[in-house]
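These notes concern the structure reproduced below.
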Amino acid sequence: MPDFCDVALPVPLDMVFTYQVPAEAAPVVGGRVLVPFRLRRMTGIVVELHGRKPSVKTKSILRVLDVSPVLDQQLLRLGRWIADYYLAPIGEVFRTMLPLNAEFKRSIAYSIAKEGRLALHMAGVSGSSARSRRTPDEQAAEFRVLDYLAAQDPAAQDSAPDVASPVREETLRSATHASKLILTGMVRKKWIAREDVSNIQDATRKIKIALLKSAEGKLNRNQKQLVETLAASGGRVPVETLQSIDVPRSTLGTLVKRGLVEIIEETADFTISRNNPRPLRVAFDLNPAQQAALKRLREAVDAQKFAGMLLHGVTGSGKTAVYLAGMRSVLEAGRSAILLVPEIGLTPAVAADLHQTFGDEVAILHSALSDKERAQQWHRIKSGEARMVVGTRSAVFAPVSDLALVIVDEEHDSSYKQEETPRYHARDIAVVRAKMADAVVVLGSATPSLESYYNAKKNKYALVELPDRVEQRLLPEVEIIDMRQEFQETGQEQVISRKLAAEIKERFDRKEQVMVLLNRRGYSPVVLCRTCGETLQCQNCAIALTHHKREHKMVCHYCGYVAPVPKACVHCGSEYVYFLGTGSEKLEELLHGMFPQARIARLDRDTVRGQEDFERTLNALSEGELDCLVGTQMIAKGHDIHGVTLVGVVGADSALGLPDFRAAERTFQLLTQVAGRAGRGQSPGKVVLQTYFQDHYAVQYAARHDFAGFYEKELRFRSWMHYPPFSALANVLIRSDKLDQALQWSGTLGKWFEQNRHDGVRVLGPAAAPILRLKRDYRYHFVLKSPSREKLNATLRAMLAYAAAHKIPRTQVIADVDALWLM
């Protein structure tokens, strides 16, 4: 075994760290090790074993966590590619690829030090000046801590070792009621020593089960109710279920003490999806266009060489049926496939389809799962128990063996781009991973991104079209309502136009269902003082707070800051405070007022607290238990509800006013996608599109379902301005919680860009970011464009090296390659 190993750690440093390998240890490349790092313990990935002795003294690894690699050679190679392309620290990349946080428990322990014993036994002589600045309560808490720690080592005297047995922080705080601030101050005074004792832990999800052992003996009413519940369920009920019964919790404990009930722990089952299964799509007869698409997909998979395919099908054209049939072919061949979906909300519906088709061969990965659930699913995939994987962007790293097919559904969706380090795009990672595995990648969408469609037109991908809906259903009719004219005719600002209100009433009378989209959360997005003209702003961001009426609070949708609803202006004290604009909460209230008999629900991030809320609402709509669903863009993507015959779009064109070159593309995609929710059953659908920009080409082409026309027009604008797909783009963001520091750092980098030639790279900036302050940080940015990705990457690397040399912290300079969000 080599004497040293290089370990990638999840820290914001572009390097690996060398550790000594103890004689008894046997680390493997791609496996995890527990190592000391500064004053902490961390898990890292071994990237190399070697015998090169470093010039500095090295620490030893503490523990080998894996006897076989958790990242195979292909995934290690993929991680290195991501680190290189997206300029991300390799350790942070590997942390993103491995959802195994549940297997590592961070824990801090404290022990009494020699100075602490002296302070305790000498009545505070040693630290009297320091303690005199503390309140009596704080002094009392300090001495409670010293007493407790000293009691853990009763033999300790002044001659004892410097440090006694450590006590875990949670135990110490529970026993002494000392705050973290108190403990930190005692560490500074060297009264106590702080130690990181983090280690691995069992990540198996457990559930407590109550077993009925006997029903004999005298029972009171509550005890009898629990015993009868257990008996009716075969003598076996989860403890959580029993605790939901309206009896005191102590009742179960009493039954356990009497030996009538036994509590055991078992491994918890995992429910793939609570969505009601839909008809088995792959059992349907595919139409000729679907059959042709499936034939090309199967031929590409059988060739066992890399191939890229863009599946462009209108909404309702049966792309999912092609995906499932293709994945079934892969499974029958004994190989693996990954299906990516953009939103967590789509995952249960797709997972239900896959589970119905493939049974227990399906695993699910997304961020709404608990850490233990993610680890459980990851191990199912790694062991080969599940070969069909569905999930959001992180599922692209699923450790499947013999990968044959990667499908990216709704490939245009911006949620595939991660907005924190590493800032990867899952669609592009899917393409690279498929290339490395000689697999097939399928990018599917009714509204492909301009970059993907351009690549298909340039023959980088095969372009496969599904031009018609299944079963010869028609695309919905789209009627545009000019809200400027509506205002002129009614004399007041309308949220719901007369035409949309009439169409909704007609659908309710016919017992049909309606969806209404307003892509803005909350009740009112702006609170304005009519006296001084000021708005109520977030304390941490340069953003107006949004009024949430039901929860009676003002909320920042960027950082989560919460403020009370003002009764008077916080700036001038005026009582003339007005709540302007409309969000999805207000729209729901308006519809309830207009149609009091209708069953109306809302779907946005305020009503969806967990995955079950989302599934419950969509199931209710599918089962016909709701007449109308109001929501943000969460309702626009992928949902297949056959009873919806009308879609109303309220204010979805507001994005056209944003300073973003992708604004028109995003608006076209959103309008087309939400329009596609109408008329997916036997009844024809209609879309009523309210807009203030009825002449804008994005609105006009969306109304005509004309993707090709929009593509050609938007492509001309992009070519004139040298934006993607005609150049690669990066956004360099400089941030600091101090304005002068952010200005200084951006000025330093600005001068470097000016003074150094960067052939083939155009630099715009520095300039204030459109949102100047976000989450307490002031933000300035540069936009870099280049027809050569290699030159752009080299320039960014040189810039980061220059920033590091001038002591600009790495975490304060964000290089976002292929940036989607420039705000």
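Details
- Taking the criterion of being among the polar types (S, T, N, Q), more than 28 Å from residue 713 (Cβ to Cβ) and open to solvent by less than 30 Å² (accessible area, probe 1.4 Å), the residues of the range 618-675 that qualify are 619, 645.
- Of the residues making up the range 378-400, just one is among the hydroxyl-bearing types (Ser, Thr, Tyr) and over 15 Å from the mean Cα position of the chain (by Cα), namely 383.
- The combined condition, being under 19 Å from the mean Cα position of the chain (by Cα), at negative phi, assigned to a strand (DSSP E or B) and among the small types (Gly, Ala, Ser), is not fulfilled by residue 375.
- Tally of residues being more than 13 Å from residue 627 (Cβ to Cβ) and without any contact (Cβ under 8 Å) to a residue 12 or more places away in the chain across the range 584-603: 1
- In the range 787-807, the residues that are closer than 22 Å to residue 728 by Cα and among the basic types (Lys, Arg) reach residues that are open to solvent by 70 Å² or more (accessible area, probe 1.4 Å) and modelled with pLDDT under 95 with C-beta atoms within less than 8 angstrom, at least six apart or across chains, in these pairs: 791/759.
- Some residue of the range 441-449 being under 20 Å from residue 650 (Cα atoms), modelled with pLDDT under 95, of a type outside the set (Val, Ile, Thr) and touching a Ser or Thr at 6+ places or on another chain (Cβ under 7 Å): no
- When residue 712 is tested against (1) in contact (Cβ under 8 Å) with a residue 24 or more places away in the chain; (2) open to solvent by 10 Å² or more (accessible area, probe 1.4 Å); (3) of a type outside the set (S, T, N, Q), only condition (1) is not met.
- Odd one out for residue 814 among (1) among the aliphatic types (A, V, I, L, M); (2) touching a Cys at 6+ places or on another chain (Cβ under 7 Å); (3) within 25 Å of residue 82 (Cα to Cα): (2)
- The helices (runs of 4 or more DSSP H) located wholly in the range 482-595 include none with 3 or more residues which are crowded, with 21+ Cβ neighbours inside 10 Å, within 25 Å of the chain's Cα centre (by Cα) and of a type in the set (Val, Ile, Thr).
- Qualifying residue in the range 567-578 (condition: aromatic (Phe, Trp, Tyr), in contact with a strand residue (DSSP E or B) (Cβ under 9 Å, 6 or more places away or on another chain) and over 25 Å from residue 634 (Cβ atoms)): yes
- Filtered by the rule that a residue be in contact with a His (Cβ under 6 Å, 6 or more places away or on another chain) and open to solvent by 10 Å² or more (accessible area, probe 1.4 Å), the range 429-466 gives a lone residue, 465.
- Enumeration of residues in the range 357-380 that are more than 19 Å from residue 97 (Cα to Cα) and surrounded by fewer than 20 Cβ atoms within 10 Å (Cβ to Cβ): 358, 359, 360, 361
- Within the range 1-111, strands (runs of 3 or more DSSP E) holding 1 or more residues that are over 28 Å from residue 437 (Cβ atoms) and open to solvent by 40 Å² or more (accessible area, probe 1.4 Å): 17-20, 40-50
- Condition broken by residue 410, with the remaining ones in (1) open to solvent by less than 20 Å² (accessible area, probe 1.4 Å); (2) modelled with pLDDT under 95; (3) within 24 Å of residue 9 (Cα to Cα) satisfied: (3)
- Enumerated strands (runs of 3 or more DSSP E) restricted to the range 159-266, each holding at least 3 residues that are touching a residue at least 40 places away in the same chain (Cβ under 8 Å), surrounded by 12 or more Cβ atoms within 10 Å (Cβ to Cβ) and touching a Phe, Trp or Tyr at 6+ places or on another chain (Cβ under 8 Å): 192-196
- Residue selected from the range 470-479 under the condition buried (at least 19 other Cβ atoms within 10 Å of the Cβ) and in contact with a strand residue (DSSP E or B) (Cβ under 8 Å, 6 or more places away or on another chain), by the criterion nearest to residue 700 (Cα to Cα): 478
- Qualifying residue in the range 416-428 (condition: surrounded by 19 or more Cβ atoms within 10 Å (Cβ to Cβ), more than 17 Å from the chain's Cα centre (by Cα), at negative phi and assigned to a helix (DSSP H, G or I)): yes
- Exactly one residue among 314, 350 is crowded, with 22+ Cβ neighbours inside 10 Å and β-branched (Val, Ile, Thr), and that residue is 350.
The values are calculated or read from the model by the stated rules, or taken from the named source; none is laboratory data. None of the values given here were measured: they were computed from a predicted structure. Cβ sites come from the backbone with ideal geometry, for glycine too, and all protein chains shown count toward neighbours. Protein only, heavy atoms only, side chains kept; ligands, DNA and RNA dropped before computing areas. Shrake-Rupley method; radii C 1.70, N 1.55, O 1.52, S 1.80 Å.
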